[in-house]
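Chemist: Before I ask anything, here is the structure I am working with.
Read-outs throughout are calculated quantities, based only on the coordinates presented, and are distinct from any laboratory measurement. Predicted model, so just to flag it, every value in this text is computed and none were measured. Cβ sites come from the backbone with ideal geometry, for glycine too, and all protein chains shown count toward neighbours.
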Amino acid sequence: MKLEKALLFNPPVGLYQRGEDRCQAEVDGGSATSLRPPNDLGYIASMLRQIGVTPFVADYPAEKKQWRHFEEDLKTIQPDILVMSITTPTIKDDMKAFSVAKGFSSNVFTIAKGAHFYICNKEELKDAIYDVMDVAIIGEAETIINNLVLAKRSSSDFSKVRGILYRNSHKQIVQTEPEPFWIDLDKIPFPARDLMKNHLYTRPDTGEPQVTIQTSRGCPSQCIFCLSPIISGMKLRERSIGNVIAEIEECVEKYNIRNFFFRADTFTINKNTVITLCKEIINRKLDITWVANSRVNTIDEERLEWMKKAGCWLVAFGIESGNDDIQKRIKKGTTQAQAREAVRLCKKLGIKTYGFYLIGFPWETREMIMDTLNLAIELRCDFSEIHIAIPYEGTEFYKIAQDFGILTETAIGHNYFSNPAIGTLHVTKDELIEMRKKALKSLYLNPRYIASTLIHIRSFEEVKNYTRYGVRLFKNLLKHKN
């Protein structure tokens, strides 16, 4: 089997953050969430080129395309391989893509990748809807894809391909040995941005194209709700500064893009790396602007000063709870005091902040949740997002919810914003939704916040974009009864 052409795609099943695995948020359901490019597909495309496969990348939701466009691409491209990025909330709807493709050609090789396969109950995959999926990848897909395709080309036994799930000749679900995490991330080629429609992925304020660059993988933290330890391991793996700089330069010189999201499980975790990268950006006179994520206990004034000099305009903090007892129970390892100090430092240096909060843990009472919502109002970050915790299989949170007897549904079909999988021991799912909505009203419809935002707007494009996000937020707030 030649396997010469591959269509790598996000299916037309709504706007979700599909490419980063640990985050599977519904974009339109968030208050200020912006869509990020499908770097996962871009990495896979670059790897497939190394073995003579011609890749095509399609992000149907981002391109506002429907199932008929997917069918047209199947007819036009006639791919031998399909690689689909799935999310746990959408996986059953996603499988329609493989069903449609098999209708065009029963021989098309269908591969799915996504966090769900790392941790799901394998018995679930015996459901008939998964019959159209030939293989699921468990691991960092770009490090596994070529071995898988080469095995298929030579009709080799899949049992020797590490990091996959497949059905054997007896229709049994088989999981192979895991592919070890690659330590030398510089071996992975840059995402194939020539195959992406880069203009679709933008800064939330100016609307300018913004690309994502992953600077490291792995997180040593032990948060009970997070998939990162499962998806990318607990050992920090960093790209070399030179490799990161080379990717920035490619984006600037080849694609004329100067806005970046420096993605990592925690970008600021290694102070020396942060400062060295910032100095190199300055020395190269790259003239870029960028955002990054952080923990409130991995930031200080020196780091922030260098980040500001190098073009950082926003830092996103996973603050989570405003109740220190809950912070301990979820093993976040940070405090309200640290959150206050991190946000204070950013404001002092003129760096915007994006606060992420998480409610809905089993122990939480309404009063505990109000501690979180009140902290969000007190900190007044420039952007705020309130998630309702989802108990993903494989996490400690899942096991705790199970032990408490409140886990009546899996994460499949559920989302962070309007359809949580569980309530707490004291607060129902519907009450969580309403508390989130009321908090967002207090944050974003506050005259003080609106005035502060308007004062800092510098262009008509920013007016349009803030208006667009405001309209989206207002629609979301109207979806549920007060």
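Chemist: Taking N as the number of residues in the chain, what value does Rg over Cα atoms divided by 2.2 N^0.38 Å take?
Modeler: Rounded to two decimals, the normalised Rg is 0.96.
Chemist: OK, next. Of the listed pairs K64/K347; K348/K438; K271/K352; K64/K479, which have alpha-carbon separations greater than 25 Å here?
Modeler: In this structure, K64/K347; K348/K438 lie more than 25 Å apart at Cα.
Chemist: Also, I was wondering about something else. Would you list R263, R472 from fewest to most Cβ contacts within 10 Å?
Modeler: R472, R263
Chemist: Provide the FRET efficiency to the nearest 0.05 for the V252-E305 pair, computing r from the beta carbons and using R0 = 25 Å.
Modeler: Efficiency computed from Cβ-Cβ geometry: 0.60.
Chemist: Which value at 222 nm does the chain reach when only helices count, each DSSP H run of 4 or more adding -39,500 (n - 2.57), with the total divided by all residues and rounded to the nearest 500 deg cm²/dmol?
Modeler: That calculation yields -11000 deg cm²/dmol at 222 nm.
Chemist: To continue, here is another question. Taking the Cα centre of segment 357-445 as the origin, how large is its charge dipole in debye, to the nearest 20, when only Lys and Arg (+1) and Asp and Glu (-1) carry charge on their Cβ atoms?
Modeler: It comes to approximately 260 debye.
Chemist: Can you give the FRET efficiency for Q402 and K171, using 1/(1 + (r/R0)^6), R0 = 30 Å, r = Cβ-Cβ distance, to the nearest 0.05?
Modeler: 0.55
Chemist: Have a look at the DSSP beta bridges in segment 202-477 and tell me what percent are antiparallel, nearest 5.
Modeler: About 10 percent, rounded to the nearest 5.
Chemist: Based on Cβ point charges of +1 for Lys and Arg and -1 for Asp and Glu, what charge dipole magnitude is obtained for the chain about its Cα centre, in debye rounded to the nearest 20?
Modeler: For the chain, the charge dipole is close to 700 debye.
Chemist: Follow-up question, since we're still on this one. Fully extended, how many nm does the chain gain between H426 and W67 (0.36 nm per residue separation, minus their Cα-Cα distance)?
Modeler: Net length gain for the segment: 125.0 nm.
Chemist: Using a 10 Å cut-off around each Cβ, can you sort T334, T276, T76, T176 from fewest to most neighbouring Cβ atoms?
Modeler: Least crowded to most crowded, the residues run T76, T276, T176, T334.
Chemist: Given C-alpha coordinates of segment 5-175, what is the ratio Rg to Rh with the Kirkwood estimate of Rh?
Modeler: 0.93
Chemist: So for each of 164-170, 88-94, 186-192 I average, over its residues, the number of other beta carbons within 10 Å; can you give me the resulting order with the highest mean first?
Modeler: 88-94, 186-192, 164-170
Chemist: Turning to a different aspect of this structure: How about segment 330-424: which trypsin sites (Lys or Arg not before Pro) there are in a DSSP loop, with at most 14 other Cβ atoms within 10 Å of their Cβ?
Modeler: K331
Chemist: While we're on this one: How do S384, S155, S418, S34 line up, fewest other C-beta atoms within 10 Å first?
Modeler: The fewest-first ordering by Cβ neighbours comes to S155, S418, S34, S384.
Chemist: How about segment 43-89: which trypsin sites (Lys or Arg not before Pro) there lie in a loop by DSSP and see at most 11 other Cβ atoms within 10 Å?
Modeler: Sites meeting the loop and neighbour criteria: K64.
Chemist: Also, quick follow-up: Write down the percent of antiparallel bridges among all DSSP beta bridges whose residues are both part of the chain, to the nearest 5.
Modeler: Antiparallel bridges make up about 20 percent of those DSSP assigns within the chain.
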